[in-house]
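Input: a single structure, listed below in structure tokens.
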Amino acid sequence: MVWQNTLYNAVMSLPIRIAPSLLACDFTRLGAEMARAEAAGAEWHHVDVMDGHFVPNLSIGLPVVESIKKVTKLPLDVHLMIEQPGEWAQRYADAGADILTFHYEACAANFEATLAQYKATGCRVGVSINGGTEPEPLRPYLDQIDMVLVMSIYAGFGGQKFMPECLGRIEKLRSWGFKGDIQVDGGITDETIGPCTKAGANVFVAGTYLFKADSMASAMGRLRAAAAAAQQPDNNATA
Ligand code: DX5
Ligand code: ZN
């Protein structure tokens with residue numbers, strides 16, 4: 001792989017983080033579902049915020065983020081799929097986000113100013129590229145970005161099929177020397193997490209695969225085993 005000479009060893013020894021997506025949980029039991037994810041070993045809670053404009057779907061917003069902040073010690077990984085993301089940065093930070101991710105496509109014309117608004121919140125800052133977007137526009141800003149979220153679907157709905165196009169985008173980011181977190185979101189299973197790990201990703205969002213499993217702990221174990229296997233040099237040699 002093109003990036004292997006640069007960051008290969010460092011990236012392949014990054015701890016793997018799994019962030020269950022609450023979008024797939026039973027919302028009548030939100031607190032209990034979060035506790036279930038924590039008992040299964042989640043590192044972060046992934047919180048999908050949608051506005052019905054940037055994506056066609058609506059999900060959850062500020063009041064829910066404020067409420068769930070009170071019942072967990074895990075970081076809230078807030079994925080904003082909204083228009084005009086700069087206007088909402090501080091409000092989501094105040095609501096309790098620890099990691100705040102906005103979409104490049106939602107603010108391409110004023111990306112630099114929007115990034116500055118997110119940096120000013122003090123949260124860890126993520127920038128996401130949707131299923132049809134290449135990462136080149138982010139390249140000049142990578143030293144200011146804590147995490148790149150490479151979508152492996154078109155954002156908006158859970159339960160979609162993984163798009164392998166994301167793999168080349170992850171490799172590109174590492175080939176440019178990006179040392180931060182690379183998160184993948186959409187269609188993550190024990191079959192798709194391995195190729196993403198080999199490509200250089202280290203943080204994984206999984207909704208359907210975890211919340212709809214018979215045993216979330218077992219499903220989590222399968223994800224970790226597949227990612228750990230993909231981090232082994234022998235498994236990468238033939239990639
Ligand atoms: C969709 C969301 C995802 C979604 C993933 O736009 O960003 O976080 O919940 O769901 P699965 O894991 O079911 O593809
Ligand atoms: Zn998401």
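Residue by residue, here is whether (1) farther than 21 Å from ILE188 by Cβ; (2) of a type in the set (Val, Ile, Thr); (3) within 13 Å of ligand 1 (Cβ to nearest atom); (4) free of Cβ contacts under 8 Å to residues at least 40 places away in the same chain holds:
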site: ASN9; (1), (2), (3), (4): yes, no, no, yes
site: MET12; (1), (2), (3), (4): no, no, no, no
site: ARG17; (1), (2), (3), (4): no, no, no, no
site: CYS25; (1), (2), (3), (4): no, no, yes, no
site: THR28; (1), (2), (3), (4): yes, yes, no, yes
site: GLY31; (1), (2), (3), (4): yes, no, no, no
site: ALA39; (1), (2), (3), (4): no, no, no, no
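Looking only at segment 152-175, count how many residues are of a type in the set (A, V, I, L, M, F, W, C) and touching a residue at least 60 places away in the same chain (Cβ under 8 Å).
Going residue by residue through segment 152-175, those that are of a type in the set (A, V, I, L, M, F, W, C) are 153, 155, 157, 162-163, 166-167, 170, 173.
If we keep only those that are touching a residue at least 60 places away in the same chain (Cβ under 8 Å) too, we end up with 155, 157.
Residues meeting the conditions: 2.
Filtering segment 206-214 for residues that are β-branched (Val, Ile, Thr) and open to solvent by less than 10 Å² (accessible area, probe 1.4 Å) leaves an empty set. Answer with yes or no whether MET163 is within 16 Å of ligand 1 (Cβ to nearest atom) and buried (at least 21 other Cβ atoms within 10 Å of the Cβ). So MET163 fails the test. In segment 10-30, the qualifying residues are those that are surrounded by fewer than 17 Cβ atoms within 10 Å (Cβ to Cβ) and within 14 Å of GLY180 (Cα to Cα), and the one that is modelled with the highest pLDDT is PRO15.
Can you confirm whether segment 104-125 contains a residue that is within 12 Å of ligand 1 (Cβ to nearest atom) and either open to solvent by less than 20 Å² (accessible area, probe 1.4 Å) or at pLDDT below 95 (or both)? No, the conditions are met nowhere in segment 104-125. The condition of being among the polar types (S, T, N, Q) and either open to solvent by less than 10 Å² (accessible area, probe 1.4 Å) or within 12 Å of ligand 1 (Cβ to nearest atom) (or both) holds for only one of SER67, SER59, that being SER59. Can you spot a residue in segment 118-128 that is within 20 Å of TRP44 (Cβ to Cβ) and free of Cβ contacts under 8 Å to residues at least 12 places away in the same chain? Checked segment 118-128: no residue is within 20 Å of TRP44 (Cβ to Cβ) and free of Cβ contacts under 8 Å to residues at least 12 places away in the same chain. Taking the conditions (1) touching a residue at least 40 places away in the same chain (Cβ under 8 Å); (2) within 15 Å of ligand 1 (Cβ to nearest atom); (3) β-branched (Val, Ile, Thr) in turn, THR189 satisfies each one other than (1).
Yes or no, residue by residue, for (1) modelled with pLDDT under 95; (2) within 16 Å of ligand 2 (Cβ to nearest atom):
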{"site": "ILE182", "(1), (2)": "no, yes"}
{"site": "VAL203", "(1), (2)": "no, yes"}
{"site": "TYR209", "(1), (2)": "no, yes"}
{"site": "ASP214", "(1), (2)": "no, no"}
{"site": "ASN235", "(1), (2)": "yes, no"}
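Using the structure shown, decide if ARG224 is of a type outside the set (Ser, Thr, Tyr), surrounded by fewer than 23 Cβ atoms within 10 Å (Cβ to Cβ) and closer than 23 Å to GLU105 by Cα. When the stated conditions are applied, ARG224 does not pass them.
The values are calculated or read from the model by the stated rules, or taken from the named source; none is laboratory data. As the structure is a computational prediction, the values presented were derived from the model and not from experiment. Using ideal geometry, Cβ is built from the backbone for each residue, glycine included, and neighbour counts are taken over all protein chains shown. SASA here: full protein model, heavy atoms, side chains in, ligands and nucleic acids out. Shrake-Rupley method; radii C 1.70, N 1.55, O 1.52, S 1.80 Å.
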